[in-house]
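Below you'll find the structure, written out as structure tokens, and then a few comments.
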Amino acid sequence: MSYVIGVDAGSTKTDAVVANLEGRALGTGRSGCANWELVGETGAAGTIHDAIRHALDKSGADLRGVRHVHVGAAGLDWPEDDGRLRSALDPLLGSVPLTLENDSCLGARACTPTACGITVSAGSGVCASYLGSTDTKYFYGYFGELGGGTAIDQLALHAILRAEDGRGPKTLLTSAIPKATGHSSVRALLHALTREGYELTHTLIRPSLFETAARGDAVAIDVVTTFGRELGLMASNLIEKYRLQATGVHVVASGSLFTRTGPLLFDVFREVVHRTDASAKAKLNDRPPVAGAVRAALQACGVQTTGGTWEAVSSSYEGALDA
């Protein structure tokens with residue numbers, strides 16, 4: 001039997017899926033950070049290989065039966081980055097054909113009818129891409145623009161510090177965030193950050209921020225809508241850049257900040273997109289990004305993935321990753 005492998009190599013986690021040539025997931029694997037900018041080329045390649053190895057083990061497949069591997073990787077921002085990561089992966093993957101791209105492309109590949117369109121991805125960082133039907137490909141995000149999780153944490157932290165010292169309005173975040181981080185007050189949290197070596201993790205501030213916004217807190221809502229407008233601008237800019245108005249372009253909101261925080265961020269994002277192009281089909285990504293990597297690997301093998309067949313097959317990916 002022949003197989004393909006798709007890999008979503010992110011800054012937080014790495015997912016790999018082994019699939020048959022119908023696109024059905026046969027085995028999955030998960031490992032840690034594979035952003036080479038954070039862990040180096042060798043570290044990133046090792047993490048990707050670990051996820052692939054786990055997926056192969058679960059599927060009962062062998063690398064010799066793999067026809068193509070496609071990796072969507074965080075930090076793959078410049079042309080020379082392809083060669084850098086490829087050189088580190090080649091000794092681990094041998095002669096298996098390999099394609100690499102920035103992970104911003106995986107959303108549109110995963111959940112649009114023709115694997116084309118705009119993706120705005122908001123997780124630890126932020127990036128946006130456009131895949132056209134005539135092999136047009138463009139993305140941005142490598143300058144760390146406002147919009148990613150790291151920056152939203154900082155804005156929320158600034159909001160409670162300003163509320164504490166009087167420069168900003170009062171907010172329920174001044175109790176919610178210290179409580180979430182295990183501190184008695186904003187002052188105690190600030191002391192821990194500046195004198196005790198305490199470091200915030202992404203699992204702490206963001207849930208408190210979005211829960212507080214959902215309760216109607218004006219400051220929390222302002223932080224979230226600031227990000228929603230910026231993320232919407234990334235999409236509307238691509239609509240204008242490629243003259244996509246009135247074409248019904250698919251615009252996919254992908255990443256944990258969109259998919260795990262409730263409706264507010266996406267609602268603001270969609271409103272900004274529709275101000276630029278009312279015909280744009282904005283949607284939340286309803287497939288794991290790794291599904292887009294599998295689809296790209298299938299297309300590299302000449303397999304057609306348009307229409308309802310792909311939608312039906314890829315709908316099982318989330319469950320396969322959780323198994």
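Per DSSP H run of at least 4 residues, take -39500 (n - 2.57); add these up for the chain, divide by its residues and hand me the 222 nm value, nearest 500 deg cm²/dmol.
-15500 deg cm²/dmol
Can you run phi through the Karplus equation (6.51, -1.76, 1.60; θ = phi - 60°) for segment 114-121 and list ³J(HN,Hα) in whole Hz, with x for Gly and Pro?
Here the 3J(HN,Hα) series is 10, 6, 10, x, 9, 10, 10, 10 Hz.
Pick out, from Thr276, Gly107, Tyr317, the residue whose Cα sits farthest towards the positive end of the charge dipole of the chain, with +1 on the Cβ of Lys and Arg and -1 on the Cβ of Asp and Glu.
It is Thr276, whose Cα lies furthest towards the positive end.
With only Lys, Arg, Asp and Glu charged, each at its Cβ (+1 for the first two, -1 for the last two), find how big the charge dipole of segment 60-176 is about the Cα centre; round to the nearest 20 debye.
260
Please figure out what share of the DSSP beta bridges in the chain is antiparallel and state it in percent, rounded to the nearest 5.
Approximately 55 percent, going by the DSSP bridge assignments.
Between Lys281 and Thr194, what length in nm is gained on full extension when 0.36 nm per residue of separation is reduced by their alpha carbon distance?
26.8 nm
With a 1.4 Å probe and all protein chains left in place, how much of the accessible area of segment 185-323 comes from carbon and sulfur atoms, in whole percent?
50
So how strong a dipole does the chain carry about its Cα centre when Lys and Arg Cβ are +1 and Asp and Glu Cβ are -1, to the nearest 20 debye?
Working: 29 positive and 34 negative charges, 100 e Å.
Roughly 480 debye for the chain.
Taking +1 at the Cβ of each Lys and Arg and -1 at the Cβ of each Asp and Glu, which of Gly123, Ile221, Leu172 sits farthest along the dipole of segment 85-227 towards its positive end, judged by Cα position relative to the Cα centre?
Working it through, the farthest residue towards the positive pole turns out to be Leu172.
Rounded, prolate or oblate: which one fits segment 1-135, using the alpha carbon gyration tensor with axes a ≥ b ≥ c (rounded when a/c is under 1.5, else prolate when a/b beats b/c, else oblate)? Display every interim value, and only then the final one.
On the way: a/c = 1.59, a/b = 1.15, b/c = 1.38.
The shape class here is oblate.
Once the Cα atoms of helix 186-195 and of the chain are each reduced to a long axis, what angle between those two axes, in degrees from 0 to 90 to the nearest 10, is obtained?
Taking Cα atoms only, the helix is inclined about 60 degrees.
Using only Cα atoms, find the angle between the long axis of helix 149-165 and the longest principal axis of the chain, and express it within 0 to 90 degrees, rounded to the nearest 10.
Once rounded, the angle reads 0 degrees.
In segment 71-147, if the dipole is taken from +1 on Lys/Arg beta carbons and -1 on Asp/Glu beta carbons about the Cα centre, which of Ser133, Pro97, Val71 is farthest to the positive end?
Highest projection toward the positive end goes to Ser133.
Hey, got the dipole for segment 236-323? About the Cα centre, +1 on K and R Cβ, -1 on D and E Cβ, debye to the nearest 20?
Details: 9 positive and 8 negative charges, 48 e Å.
Magnitude of the dipole: close to 240 debye.
Report, as a whole number in µm² per second, the diffusion coefficient that Stokes-Einstein gives for segment 164-323 at 20 °C and 1.002 mPa s using the Kirkwood radius over alpha carbon pairs.
Here the translational diffusion coefficient equals 115 µm²/s.
Can you order the peptides 37-48, 3-14, 227-238 by their average number of other Cβ atoms within 10 Å per residue, highest first?
3-14, 227-238, 37-48
Going by alpha carbons, how many degrees (0 to 90, nearest 10) lie between the helix axis of 202-214 and the longest principal axis of the chain?
So the helix axis and the longest Cα principal axis differ by about 60 degrees.
Would you please give the residues with an amide H less than 5 Å from that of Cys127, counting only those at least 5 places away or on a separate chain, with H modeled from the backbone geometry?
The answer is Ser121.
In whole Hz, with x marking every Gly and Pro, tabulate ³J(HN,Hα) for segment 219-232 from phi via Karplus 6.51 cos²θ - 1.76 cosθ + 1.60, θ = phi - 60°.
In residue order, the calculated couplings are 5, 4, 4, 5, 4, 5, 5, 4, 6, x, 5, 5, 5, x Hz.
The values are calculated or read from the model by the stated rules, or taken from the named source; none is laboratory data. The shown structure was predicted, so the numbers you read here are calculated from the model rather than taken from an experiment. Because the Cβ atoms are built from the backbone with ideal geometry, glycine has one as well, and the counts that use them run over all protein chains shown. Heads up: the accessible areas ignore ligands, DNA and RNA and are worked out on the full protein's heavy atoms, side chains in. Shrake-Rupley method; radii C 1.70, N 1.55, O 1.52, S 1.80 Å.
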